[in-house]
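The structure appears below as structure tokens.
No value in this document is a laboratory result; all are computed from the given coordinates. Predicted model, so just to flag it, every value in this text is computed and none were measured. For neighbour counting, all protein chains shown are included, and Cβ atoms are generated from backbone atoms with ideal geometry for every residue, glycine included.
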């Protein structure tokens, strides 16, 4: 299941609310989550989500295992990047080629990084060349909340949703009084960050704009001494540059939405990020200066309305770009530029109380400009349908979808989910589904590697779970799952030093995962635990960079104007390329916050308190002990 390395380093009332397709940012019925600095209110345990079914529902009603990283969670975590924000979630693992800004890949339920669909406000952002998204360049400053859906949901979204979907929602200002915010941060590795924003709702119009800039001197991404020890015969003129690798990121997001009547609204949303990264390579010279200039943007316009009393409709037109240009010693080295256009039309029709139909169509066009090869554009036309219903204690979700690709034809997928409420608090859940991943353009067309006749990867999944929710115990979900993969695309030696992409591998991931969120005696508690067996069935080995066991535990408490928090992350050993073993680790992170006045606050965090030396990918370094302090202001 190893993949080719990337080229570039309420309630029923809420369920009936009009929503922009794939964007809770436009959901006026979404209960706002209080910021940690504003009050001592505990985290919202049952927020509204849309990703699990493409319709609004409480997270406890979602049949796929779904969790939410709320705005309060983001504020309390003080996470500097997306990896730090999501690394403690059940089923989520990361590999990274260095510090903040370095190439980062996400594994979900043991699936490859290009088998997890990443959306920003409902818009696909992955590059079509390697199939992965610029996760390292999406910083938390622009994020309102994130929904994570685990397991096969191709029947809702098409390709890439084998492991699940991670949908990022930018700030919208919905339901908030207009206010300005600003903060500055300084910390280890000469890290400097500044953020400013303004947003809220005036009458029927909501808006938000937030911008930020981050700079850090970083640290050397590759452990040069370790590499030298492992390659004693390598000449002195070959190897990684031992100098620190700085990173700079400028990003901005904005949304504007107007409600024209009780039944119709429309708006626009945009996100933009530009970054410059210094990175290392083992294949060059120790004096090489390698740089990557990356751009990522999404822009969309949406309309939501009610055609009939029981029929709502949503239309979205969007475009995204993933562009990376590399230089070596100041000279041009590579270019990969993906442009994605999409049109979504979604409809919901209420049959009777408790029974609803979902139907719609998606159109997707992807083009690539590359310095390495040329490729035709990819056009995908999709139709989908679904049903959600409740009969007494029984809950049902059925979805089917067909995607027609211009380069390899039709792909069908389905999902069937069932829930049974034993009591008001206890629910049993079972799901079966299948999913697929379309070959990337690298796998199809890269010179000396790509094969134009490749078939999509396929996966089938089954899971059973139990969920318990109460005001005292919080929300607990435990899920046992199995996913089988076929036609996996891998790089296969064919002789003469030639490697070709071929559909030859199969894999299986079996596991149990649990997520828990609660507020007990005024203390916010959380735990996420994953036990899994990610196996390459071709050679019966553990899938690379995926641990059999990983977990996180976090705690936070407000004491008057002060909030204290802590996080413990643990992972067992993982295999890396070349049958190398990456050791297990446990790291502790601490946060603190003091509200000086109603407007001003100061916050601090310590990363890797005990200075644990560990690796997420060989031979790349990770952050040692580090400290950061933030001064912030929010208009009242």
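Below 8 Å, C-alpha to C-alpha, sequence gap of six or more: please give me the relative contact order for the stretch 91-178 in percent.
It rounds to 30 percent for the stretch 91-178.
Compute the length gained on full extension between residue 383 and residue 631: take 0.36 nm times their separation in residues and subtract their Cα-Cα distance, giving the result in nm to one decimal. Present the calculation step by step, with values, prior to reporting the outcome.
Numbers: separation 248, 0.36 × 248 = 89.28 nm, distance 4.91 nm.
84.4 nm is the gain from fully extending residue 383 to residue 631.
Using r as the Cβ-Cβ distance of residue 539 and residue 393, and R0 as 35 Å, what FRET efficiency do you calculate, to the nearest 0.05?
Details: r = 46 Å, r/R0 = 1.31.
The computed FRET efficiency comes out at 0.15.
Over the stretch 131-203, calculate the relative contact order: mean separation of alpha carbon pairs under 8 Å at least 6 apart, over the residue count, as a percent. Write down the numbers at each step before the final one.
Working: 97 pairs, mean separation 18.3, N = 73.
RCO, the stretch 131-203: 25 percent.
Within the stretch 205-237, list the residues whose amide N lies under 14 Å from a label point set 7 Å along Cα→Cβ of residue 182.
Residues passing the 14 Å test: 211-213.
Would you mind putting 499-508, 88-97 in packing order, based on average other-beta-carbon counts within 10 Å, highest first?
88-97, 499-508
Over the stretch 387-463, what lengths in whole Å, largest first, do the semi-axes of the equivalent ellipsoid take, defined as the square roots of 5 times the eigenvalues of the alpha-carbon gyration tensor?
The three semi-axes for the stretch 387-463 are 39, 13, 7 Å.
P(r) of the chain in 10 Å steps, Cα pairs, percent per bin?
3, 16, 28, 29, 17, 5, 1, 0
Would you please put 236-248, 427-439, 546-558 in order of how densely packed they are, using the mean number of other Cβ atoms within 10 angstrom per residue and starting with the highest? Present the calculation step by step, with values, prior to reporting the outcome.
On the way: 236-248: 17.5, 427-439: 22.5, 546-558: 19.9.
Answer by packing, highest mean first, reads 427-439, 546-558, 236-248.
Which distance in nm do the two modelled labels at residue 331 and residue 549 give, with both placed 7 Å along the Cα-to-Cβ direction?
Those two pseudo-labels are separated by 5.2 nm.
Between residue 600 and residue 424, what's the calculated FRET efficiency when r is the beta-carbon distance and R0 is 41 Å? Round to 0.05.
With R0 = 41 Å, the Cβ-Cβ based efficiency is 0.40.
On the Cα set of the stretch 100-194, report Rg and Dmax in Å, please.
When restricted to the Cα atoms of the stretch 100-194, Rg and Dmax are 15.8, 46 Å.
What distance in nm separates the simple spin-label points at residue 492 and residue 281, each placed 7 Å from Cα in the Cβ direction?
2.8
For the stretch 420-554, compute Rh as the Kirkwood radius over C-alpha pairs and then the Stokes-Einstein diffusion coefficient at 20 °C and 1.002 mPa s; write the answer in µm²/s, rounded to an integer.
Estimated via Stokes-Einstein, D reaches 121 µm²/s.
With the contact rule set at Cα under 8 Å and sequence spacing of 6 or more, what percent relative contact order holds for the stretch 12-634?
12
Equivalent-ellipsoid semi-axes (√(5λ), Cα gyration tensor) for the stretch 250-408, whole Å, largest first?
Values: eigenvalues 364, 76, 47 Å².
One finds semi-axes of 43, 19, 15 Å for the stretch 250-408.
Which parts of the stretch 77-104 would a label at residue 531 reach, counting a residue when its backbone N lies under 15 Å from a point 7 Å out along Cα-to-Cβ?
The answer is 91.
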